[in-house]
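The values are calculated or read from the model by the stated rules, or taken from the named source; none is laboratory data. Please read all numbers here as calculations on a predicted model, not as lab measurements. Glycine gets a Cβ as well: all are built from the backbone with ideal geometry, and neighbour counts include every protein chain shown.
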Amino acid sequence: MADQMRANQPSLENYWMPFTANRQFKAAPRMFAEAKGMYYTTTDGRQVLDGTAGLWCVNAGHGHQSIASAVERQLTIMDYAPSFQMGHPIAFEFAERLAEIAPAGLDRIFFTNSGSESVDTALKMALAYHRARGEGTRTRLIGRERGYHGVGFGGISVGGIVNNRRTFPTHLPGVDHLRDTHDLERNAFSPCEPEFGVERAEDLERIVALHGAESIAALIVEPVAGSTGVLIPPKGYLQRLREICDKYGILLIFDEVITGFGRLGTPFAADYFGVTPDIITTAKGLTNGVIPMGAVFASRDVHDALMIGPENMIELFHGYTYSGHPAAAAAGIATLDIYKNEGLLTRGADMAGQWQSAIHGLKDLPNIVDIRTIGFVAGIELKSRDGAPGKRAYDVFVDCFERGLLIRVTGDIIALSPPLIMDESHLDELVSILSDALRRAE
Ligand SMILES: Cc1ncc(COP(=O)(O)O)c(C=O)c1O
């Protein structure tokens, strides 16, 4: 198969790749052809250990026949049905199954096609919720620096990554940001949740004092910021955000596009931290990355507030042609079966000790300024080379790829988030390839 792929290489000109240095990539492409279990196979036939669950999404590992069969079966029975004013059983069945694992009360499920759409949906739900309750002045949205909430205009507005924002200056109006929670000086090499920084939650109090609570609709945060390098919230921080939101009637949205579906060793980060938001956004692990899909979990309070007015009126003027797509719902149900049968939504908790000690064991290698782990996630922060930020981590990334390991880098931070099926031998392999690459990246 890999030989066949090599012989029939398509032109690289036409595909404009997302979040990729296109010219650099096309000069030296890195291509996957196949995937099974914990491994990819490259187009030149090499095995590459998946240290990132694809893009934080293939939580159950690659190539599950049961998911493929469920999708095929559904496509044969019914390929598509309209999602507006019409329904089909499998979307309802999937929502019911999701409600069973959702944090208590967050069991009203709205389907989207991606994390970005889930975020925009959640922000719109928050605005609609306040309006329906006669508090239409609540229009401000609060995000956090170094937050990533996808690439829609809503998501980049509340997000806090400069390169995602500066090229597109027309953001949503009325958005503020909390400071991020990263505090290298006080928290470097914390084994799990860092000790210091709970006071940064008080930024929300300052924003309320500045604008007035009656102007603020919602706060959105990633419980653990993934894309900007695995920033773990300090102890008590999320609890404090919940308290302040409750005090002022602000909705709390957890963006769990990465942390959802077992990544921290619990079904959701809300379970891990014991903090229940009003809305949770998900995607990625929802279908094990097999078919694009997202889901927004809303509290009954949020949902019920909108179930007003004449019953023939649409309650929320929002939705997607492919909301609850039958093939995606089939993939999602089959994925939930695997999570359940293999205990994957809590497996990260069983492996967390081994994961933590193996990754923290790298700390004496050159140029490492911090290591952070939680559940089945790790961030390894490297010292930047003078005048070349990001270059050292990129070299490690390419070196690892060439020697058989997929990692992810953001600036000079390495992020690891393997499929939740990872065992000890995979962990040894990951650590061995990564430590060699770190030693070479002087
Ligand atoms: C926390 C978070 N929110 C939203 C998104 C956007 O998801 P998508 O790329 O599916 O639109 C991501 C993607 O990585 C994410 O990590």
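Quick one: Gly54 ticks every box in (1) modelled with pLDDT under 95; (2) small (Gly, Ala, Ser); (3) within 16 Å of the ligand (Cβ to nearest atom) except a single one, so which number is it? Of everything listed in (1) modelled with pLDDT under 95; (2) small (Gly, Ala, Ser); (3) within 16 Å of the ligand (Cβ to nearest atom), Gly54 misses just condition (1).
Of all residues in the stretch 111-139, those being surrounded by 24 or more Cβ atoms within 10 Å (Cβ to Cβ) and more than 11 Å from the ligand (Cβ to nearest atom) number 6. Selection of first residues in the stretch 288-316 that are part of a strand (DSSP E or B) and of second residues that are charged (D, E, K, R), restricted to Cβ pairs under 8 Å at least 6 apart or on distinct chains, gives the following pairs, ordered by first then second residue: Gly294/Glu117; Phe297/Asp107; Phe297/Arg108; Ala298/Arg108; Ala298/Asp278.
Looking at Gln74, Gln85, Gln65, just one residue is of a type in the set (S, T, N, Q), under 20 Å from Leu420 (Cα atoms), out of contact with any strand residue (DSSP E or B) (no Cβ under 9 Å at 6 or more places or on another chain) and away from the ligand (no atom under 16 Å from the Cβ), and that residue is Gln65. The number of residues in the stretch 385-410 being over 30 Å from Tyr339 (Cβ atoms) and either touching a helix residue (DSSP H, G or I) at 6+ places or on another chain (Cβ under 7 Å) or part of a strand (DSSP E or B) (or both) comes to 5. Take Leu106 and decide whether it is closer than 17 Å to Asp304 by Cα, of a type outside the set (Asp, Glu) and in the same structural domain as Leu178 (by TED's automatic domain parsing). Here the answer is yes, as Leu106 does meet what is asked. Across the stretch 212-250, the number of residues qualifying as farther than 30 Å from Ala188 by Cα and not in a loop (DSSP other than H, G, I, E, B) comes to 9.
Check whether at least one residue in the stretch 196-207 is assigned to a helix (DSSP H, G or I), more than 16 Å from the ligand (Cβ to nearest atom) and touching a Gly at 6+ places or on another chain (Cβ under 6 Å), and report yes or no.
Here is the first cut: in the stretch 196-207, the ones assigned to a helix (DSSP H, G or I) are 198-207.
Retained after the next criterion (residues that are more than 16 Å from the ligand (Cβ to nearest atom)): 198-207.
Now restrict to residues that are touching a Gly at 6+ places or on another chain (Cβ under 6 Å): 198.
Yes - at least one qualifying residue is present in the stretch 196-207.
Does Ser323 satisfy being among the hydroxyl-bearing types (Ser, Thr, Tyr), surrounded by 15 or more Cβ atoms within 10 Å (Cβ to Cβ) and at negative phi? Yes; evaluated as a whole, the condition is true for this residue.
Kindly indicate which of Val290, Val302, Val296 is buried (at least 17 other Cβ atoms within 10 Å of the Cβ), within 30 Å of Asp246 (Cβ to Cβ) and within 16 Å of the ligand (Cβ to nearest atom). Before the answer, list the steps.
Details: Val290 fails: within 30 Å of Asp246 (Cβ to Cβ); Val302 fails: within 16 Å of the ligand (Cβ to nearest atom).
Being buried (at least 17 other Cβ atoms within 10 Å of the Cβ), within 30 Å of Asp246 (Cβ to Cβ) and within 16 Å of the ligand (Cβ to nearest atom) holds for just one of Val290, Val302, Val296, which is Val296.
Being of a type in the set (A, V, I, L, M, F, W, C), surrounded by 19 or more Cβ atoms within 10 Å (Cβ to Cβ), within 12 Å of the ligand (Cβ to nearest atom) and more than 21 Å from Ala213 (Cβ to Cβ) is a property that does not hold for Ile161.
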